[in-house]
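Quick notes on the structure that follows.
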Amino acid sequence: MSKIGNLYIANATLSKLSYSPDLRFDLRPQKEHLRMVGKDLAAMQPPPGAQLGIIDPKGNGLAALMVRYELTKDSTTGKAPSVLASYDFTDRDKSLKDFMAGMGASHAWVFQTSKKVRQALGVDLPGRASHLLEKKDGAWKLLESWPYGGWEDPYTLPD
């Protein structure tokens with residue numbers, strides 16, 4: 001093989017190694033958190049007819065997409081809860097209240113808490129974690145929390 005051929009092979013190999021973090025976009029702390037939560041939610045075996053609302057105030061829909069995938073990928077038809085999502089509603093708590101009231105959700109998973117989310121749901125949710133809530137007797141109750149892996153805000157991490 002010629003020297004130029006060897007150079008092309010070396011360049012192709014090294015360029016793949018240097019771009020590998022970009023090729024594996026799923027290896028980000030916040031995405032690992034989403035997959036873990038989705039798997040945990042799937043293992044919890046929701047009651048028949050359960051509806052899960054996913055609340056991600058600063059998001060673009062990725063959290064809902066990843067959690068929905070993990071939650072439903074191994075389920076048989078009709079066994080997984082219906083999953084609805086609200087995202088990117090920063091500082092519009094009325095829209096969140098309307099969303100939650102209109103969808104009839106029995107459960108809600110909150111990816112990121114904020115003052116507006118806490119006010120809309122009427123629940124004091126600690127920061128630095130995502131939370132699963134259940135609606136009982138007309139009020140939201142905290143069921144489970146998943147602490148972030150040492151980070152404070154999922155949207156301040158590089159992506």
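Just a few scattered comments:
- Proximity of backbone amide H atoms, modeled 1.01 Å from N, is registered between W109 and G53, I54, I55, L133 at under 5 Å, excluding neighbours fewer than 5 places apart on the same chain.
- Subset of K39/K97; K115/K135; K116/K136; K73/K116; K31/K141; K58/K97 violating a 24 Å alpha-carbon distance limit: K39/K97; K73/K116; K31/K141
- Per-peptide average of other Cβ atoms within 10 Å, ordering 55-64, 105-114 highest first: 105-114, 55-64
- Just so you know, the Rg over Rh for segment 105-159 is 1.00, from Cα atoms, with Rh as the Kirkwood radius.
Any read-out appearing in this document is the output of simple, stated calculations on the displayed coordinates, not a laboratory observation. Note that the coordinates shown come from a computational prediction; the quantities given were computed from them, not determined experimentally. Ideal geometry is used to build each Cβ from the backbone, glycine not excepted, and the neighbour counts take in all protein chains shown.
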